[in-house]
1. Please verify whether the range 39-62 includes one or more residues that are surrounded by 13 or more Cβ atoms within 10 Å (Cβ to Cβ), basic (Lys, Arg) and closer than 19 Å to Val87 by Cβ.
2. Inspect all residues belonging to the range 127-141 and state whether any of them is within 30 Å of Pro80 (Cα to Cα) and in contact with a Pro (Cβ under 7 Å, 6 or more places away or on another chain).
3. Consider only pairs whose beta carbons are under 8 Å apart and that are at least six residues apart or on different chains; among these, list those whose first residue lies in the range 113-135 and is aliphatic (A, V, I, L, M) and whose second residue is surrounded by fewer than 16 Cβ atoms within 10 Å (Cβ to Cβ).
4. I'm trying to understand the selection: among the residues of the range 79-96, which are over 11 Å from the mean Cα position of the chain (by Cα), assigned to a loop (DSSP other than H, G, I, E, B) and closer than 14 Å to Ile26 by Cα?
5. Counting only residues that are touching a residue at least 40 places away in the same chain (Cβ under 8 Å) and among the β-branched types (Val, Ile, Thr), give me the strands (runs of 3 or more DSSP E) lying completely in the range 1-78 with at least 2 of them.
6. Residues of the range 88-133 being among the polar types (S, T, N, Q), surrounded by 18 or more Cβ atoms within 10 Å (Cβ to Cβ) and at pLDDT below 95, which ones?
Amino acid sequence: MPLPAPKDRYTFADCLTWGESERIEIINGEAVMMAPPSRAHQKISGELFRQLANFLEGKKCEVYPAPFAVRLFEKDGDTPDDVDTMVEPDISVVCDHDKLDEYGCKRAPDLVVEILSPSTQRHDRVTKFNLYQRAGVREYWIVSPDERTVQVLLLDEGILHPHEVYSEKDIAKVNVLDGCFLDLSRVFPSE
């Protein structure tokens, strides 16, 4: 499929016309192309997803890997033409089923995980951090494959604050899921 035709403002309605293989987010009406993830990125994402999915089996919260459309600021009654911000976190955990629909998630997931790559570092650490904070994401994990760390940020009074940094040998606590701990030695295995 060819790239979307240039225009002044993209909406979620445009996203629905693009091919499923396209990795494009829209932020405030601007299309942001995303490079395909590396194999290391996918291994990390897969293991985090596996551990979360195992923990959540039979529970009310659900976990979704990318691609999964998250429309952070969609309000009740909005049409796809009204929505000009749609991101695809690497992993999303949603506990409120009213936020889920056939396209993905409307409003903030409870937990968002982004795995850094050289092309997305600024986007994940600045642009998406600000979007997730404004939308009210309760917990945001920034995973660095190069540093083999997980930075955990928690929302308090509308601000995402650094809470903990875990290394490759740690057991990481998922704060929004009671009793959930992830084994990072499986996420960052020995080479």
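1. Scanning the range 39-62 turns up no residue that is surrounded by 13 or more Cβ atoms within 10 Å (Cβ to Cβ), basic (Lys, Arg) and closer than 19 Å to Val87 by Cβ.
2. yes
3. Leu116/Arg125; Leu116/Asp146
4. Within the range 79-96, Val83, Asp84, Thr85 meet the criteria.
5. 24-27
6. Ser117, Thr120
The values are calculated or read from the model by the stated rules, or taken from the named source; none is laboratory data. What you see is a predicted model; the values in this text were computed from it and never measured. Neighbour counts are summed over all protein chains in view; Cβ atoms, including those assigned to glycine, are modelled from backbone coordinates with ideal geometry.
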